[in-house]
Amino acid sequence: MKLSNLKVIGIDQNTPIDIREKVAFNKNNINDALKQIIQIKGRNEASIDEVVILSTCNRTEIYTYAESGEIDLSFFLCRYFDVDPGYIERYIYRYNGIDAIRHLFRVACGLESMVVGEEQILGQVKDAYEKAQRAGTVHKVLSRLFLDGIALGKNARTITGIADIPLSVSYIAVKFIEETFEGKISDKSVFVIGAGEMGKIVIKNLIAKGVQRIYVTNRTHKRTVDLMLEFPQVIAVNYEDKYNAMANCDIVVSATDAPHYTVNYDKFKEVYKGNRICMIDIALPRDIDPRIAELPGVSLYTIDDLKGVSHENNLKRRELIKDIEQMVDEAVERYVRWFKQQELVPAIKEIDEFAKKVCEAEYNRLKNKVSLSEDDMERIKIALHRVASKMANRHIKYIKEHGGV
């Protein structure tokens, strides 16, 4: 086992959105991608033993562990999404060993997010791990890594209280809208596309700002009806009627996980009356056709446009970052210590087996030389095993502490 064979390759929010959305996995293809990666063969029959894919609106990352061999998965990303290597190569980062461990732990704690300490990423890390579990592509090394990362992410938020400062992407989106309308949106009508977690948080924050007319649509209408029961301000709109409804609203927020545009340029243009509309697209891949921004009266913003507001609000969390980074360092040390102990497993097994063989040999030698009752011989056998076990455990403890035999 080599720690350096634990790797991650990816892109994050520092990559332009038009590139991010081209290499974003979704719930429909991630299982297939996991299995394809496991089947990849490199030089000298090198292969990947474990893989987890983390894909969110701000990052696409592939975590791998291989017992042997070197495989760079940048070629897989390019082939899978049919993109030119020169198109994304300068945005790709690669970490291995301790750097890869630290990176995942920082991601799970929200330290690598556009919104520092945001909670949604922790659920996404957990979801990525569970998908890999179901696909059968995660085993001892990455399983321990992700479980440690998830536990760390929970503890970091609980202990520091960083989660008590409301700074999710959905919160930032509503704050951005508020600033766009010079601080007052309570009298505005808002159309929300998507009834998932992000859409629900958007609705909560809109209500907190006093918005009373919130129209919501979702491809699965039942989820919209469920939101109506939870929030009296919500008005359900059939998915087929969304264009007419949004054309009559002041604000449109789209937050689905669709792999294609959910707001088509031609269909929207057909019903648009020229009134002022502020559109916020916080999905990735993007939901709203960017050509809609060319229509007079329409202001269209993407998740990347929220970075300015995010930076200002992140200042409130900066004082907590050092505490979380200390927790990350300690978690990295624990994982590295566990990993090194796994490297010693063959040696530990050999010590145990040798102790048992010596014990059995000495017992059989003694048995042929003395005439004792079966009870006495059984007591001698137990005593021999106890002595052998104590001596073996002492040696095992030493190699665990000093990392060698």
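The values are calculated or read from the model by the stated rules, or taken from the named source; none is laboratory data. Since this is a predicted model, take the numbers as computed values, not measurements. Cβ atoms come from the backbone with ideal geometry, glycine included; neighbour counts cover every protein chain shown.
Here are the numbers for this structure:
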read-out	value
Test result for G10, touching a residue at least 24 places away in the same chain (Cβ under 8 Å) and buried (at least 18 other Cβ atoms within 10 Å of the Cβ)	yes
Qualifying residue in segment 83-106 (condition: crowded, with 22+ Cβ neighbours inside 10 Å and of a type in the set (S, T, N, Q))	no
Filter result for the condition that a residue is free of Cβ contacts under 8 Å to residues at least 60 places away in the same chain and surrounded by 15 or more Cβ atoms within 10 Å (Cβ to Cβ), over A258, A283	A258
Failed item in (1) closer than 30 Å to D305 by Cα; (2) at pLDDT 95 or above; (3) assigned to a loop (DSSP other than H, G, I, E, B), with D127 passing the rest	(3)
Matching residues in segment 4-25 - criterion: being basic (K, R) and either under 26 Å from Y335 (Cβ atoms) or at pLDDT 95 or above (or both)	K7
Single match in E378, E360, E333, E353 (criterion: closer than 21 Å to R144 by Cα, of a type in the set (D, E, K, R) and part of a helix (DSSP H, G or I))	E333
Set K267, K242: member being in the same structural domain as D281 (by TED's automatic domain parsing), surrounded by fewer than 16 Cβ atoms within 10 Å (Cβ to Cβ), assigned to a helix (DSSP H, G or I) and modelled with pLDDT of 90 or more	K267
Sole residue being of a type outside the set (S, T, Y), within 12 Å of the chain's Cα centre (by Cα) and either not assigned by TED's automatic domain parsing to the domain that holds A255 or not in a loop (DSSP other than H, G, I, E, B) (or both), chosen from L77, L152, L147, L142	L147
